[in-house]
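Working notes, structure below.
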Amino acid sequence: MAYEGFVNLDYAPTEKDLCVLFYIQPPEGKSVEWSAVRVAGESSVGTWVDVSTSVPRICETLSPRIYSIDEERKLVGVAYPIDLFELDNIPEVMSSIAGNVFGMKDVESLRLLDFTLPEEMIKKFSGPKYGITGVRKILRVKDRPLVGTIVKPKLGLNTKEHSTAAYNAWVGGCDIVKDDENLSSQKFNPFEKRVQATLRMLEKTEDETGEKKAYMPNVTAETDEMISRAEYVKENGGTYIMVDVLTVGFSALQTIRKKDFSLVIHAHRAMHAALTRSKTHGISMLALAKLYRLIGVDQLHIGTAVGKMEGPKQEVKSIRDEITLSGVPEDEGRFVQEWLKIKPTFPVCSGGLHPGHVPGILSFLGEDVIIQAGGGIHGHPEGTVAGAKAMRQAVEAALVGKPLGEYALKHKELALALEKFSSKKFSD
């Protein structure tokens with residue numbers, strides 16, 4: 001059937017609908033409604049011209065319904081019948097609601113802000129295996145933010161240098177050490193050797209400190225290779241893997257979650273801004289975060305609202321709510337969402353952070369957060385051990401409500417970190 005009909009402003013979406021909230025900028029001289037009809041059609045049953053194979057029942061049972069149009073704010077709500085989708089197939093769902101529509105000449109720009117997950121769809125997925133509570137149990141940390149770091153520089157360290165940097169971070173007080181997003185199995189630092197060496201250092205640190213520690217090796221690769229690397233981590237006693245979830249794709253992520261290696265899955269969102277950064281085109285990080293919680297990552301980068309990465313505070317809060325609450329209330333650009341049995345995903349803040357950012361992060365995100373600092377730890381004037389100590393000290397100060405400057409009077413590592421990083425451009 002051609003791009004026509006679909007508008008029913010009296011329609012009340014049901015629990016059987018998958019509803020999508022779009023921002024639609026129409027071409028010059030056209031209305032939002034004109035573009036919305038074409039978006040709704042192209043993402044479901046429509047075609048640019050009437051075809052001989054159209055039958056009435058398709059229109060009756062499978063047609064989407066545009067139930068709200070805000071011409072001024074350019075916001076459109078579309079309800080899709082659930083039978084349009086293969087409910088456990090995220091690639092298919094996204095090929096529909098976020099597929100050809102982005103390439104149509106009938107829109108100047110288009111942004112998928114949010115969508116609802118019907119109960120029938122949620123029941124097809126397991127969600128995170130561990131989530132916040134499970135990760136805390138593994139690391140035996142109940143009542144404070146987790147502190148992590150990324151081995152720096154991003155690339156170039158050999159296996160021994162990498163594992164030594166991890167050891168120094170753990171000894172200084174980090175709970176978690178992870179690979180960077182573009183470190184996989186390069187010649188200077190092969191995956192298998194790195195995993196073995198770094199896990200040996202983890203065991204050494206646990207013996208010395210009495211604290212549980214975690215290492216997140218980056219298993220990102222072609223799907224079969226990624227599975228082999230996850231198996232290797234488990235065989236060598238690891239408890240975590242890290243996956244670059246955008247670059248491996250929804251299908252590969254679903255596969256590795258279904259394999260259920262009993263490993264914590266840490267989701268790095270490298271490449272997300274190619275889809276999420278524009279406020280008028282693409283897909284919101286909120287929408288992606290819902291998919292990753294549904295598929296089942298245990299930890300997910302959500303932004304910081306401070307540091308070097310773009311992302312306003314309200315957006316970061318909204319993503320935090322979406323991946324941690326069991327029932328998400330309606331908000332600007334966000335639907336109500338009930339998550340049923342799906343566990344919360346642990347929010348991760350990372351990107352240009354240092355100890356001076358800690359009070360601000362905790363003030364608007366609370367204690368259920370993982371704070372990761374790379375350069376903000378390894379760039380400490382006295383090195384990585386002192387940098388990790390300074391980060392833990394900043395967390396301690398924030399938890400007891402003491403200003404960092406006051407706490408630093410009796411904590412040299414924090415004092416030196418504040419002195420160094422206070423003048424940096426990312427210190428706001």
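What follows draws every value from the coordinates through simple rules; no lab data is involved. If you're wondering where the values come from, they're calculated on a predicted model, not measured in any experiment. With ideal geometry, Cβ positions are generated from the backbone for all residues, glycine too; neighbour counts draw on all protein chains shown.
Between Ser278 and Thr223, what length comes free when the chain is fully extended (0.36 nm per residue of separation minus the Cα-Cα distance, one decimal in nm)?
Values: separation 55, 0.36 × 55 = 19.80 nm, distance 2.96 nm.
Contour length minus Cα-Cα distance gives 16.8 nm.
With everything on Cα atoms, drop me the angle between helix 32-42 and the longest principal axis of the chain, reported from 0 to 90° to the nearest 10.
In the chain, helix 32-42 runs at an angle near 80 degrees to the longest axis.
Evaluate the chain: find the radius of gyration of its Cα atoms, find its Kirkwood radius, and give the ratio Rg to Rh. Present the calculation step by step, with values, prior to reporting the outcome.
On the way: Rg = 23.4 Å, Rh = 22.9 Å.
Using Cα coordinates only, the ratio equals 1.02.
Collect residues whose amide H, placed 1.01 Å from N in the peptide plane, falls under 5 Å from the amide H of Val7; neighbours closer than 5 in sequence don't count.
HN-HN under 5 Å from Val7: Ile66.
Could you give me the ³J(HN,Hα) list for the stretch 124-133, computed from phi with Karplus coefficients 6.51, -1.76, 1.60 and θ = phi - 60°, whole Hz, x at Gly and Pro?
With the stated coefficients, the stretch 124-133 comes to 7, 10, 8, x, x, 6, 10, x, 4, 5 Hz.
Using modelled backbone amide H atoms (1.01 Å from N, in-plane), which distant-in-sequence or interchain residues come within less than 5 Å of Gly351's amide H?
Gly374
In the stretch 283-386, what trypsin sites (Lys or Arg not before Pro) fall in a loop by DSSP, with at most 16 other Cβ atoms inside 10 Å?
Values: sites: Lys290, Arg293, Lys308, Lys313, Lys317, Arg320, Arg334, Lys341; in loops: Lys308, Lys341.
Those that pass, being in a loop and sparsely packed, are Lys308, Lys341.
Given R₀ = 25 Å, FRET efficiency for Asn236-Asn89 by Cβ-Cβ distance, to 0.05?
In this case the efficiency is close to 0.15.
Using packing as a proxy for protection, rank 366-373, 258-265 so that the peptide with the highest average count of other Cβ atoms within 10 Å comes first. Could you put the intermediate results ahead of the total?
Details: 366-373: 22.0, 258-265: 17.0.
Answer by packing, highest mean first, reads 366-373, 258-265.
Round to the nearest 10 and give me the degree value, 0 to 90, for the angle of helix 245-259's Cα axis relative to the longest principal axis of the chain.
80
Would you work out which of Val385, Phe364, Leu409 lies farthest towards the positive end of the dipole of the stretch 343-428, given +1 charges on the beta-carbon of Lys and Arg and -1 on that of Asp and Glu, about the Cα centre?
Checked the options; the winner is Val385.
Which far-off residues, 5 or more places away or on another chain, put their amide H under 5 Å from the one on Met216, with H placed in the peptide plane?
Val177, Lys178, Asp179
What angle do you read, to the nearest 10 degrees and between 0 and 90, between the alpha-carbon axis of helix 285-295 and the longest principal axis of the chain?
Tilt relative to the chain: about 80 degrees.
Between Asp260 and Ser31, what FRET efficiency follows from the Cβ-Cβ distance if R0 is 35 Å, with the result rounded to 0.05?
0.10
Mean separation of Cα pairs under 8 Å and 6+ residues apart, divided by the residue count of the stretch 315-428: what relative contact order is that in percent?
Working: 152 pairs, mean separation 25.4, N = 114.
The value is 22 percent.
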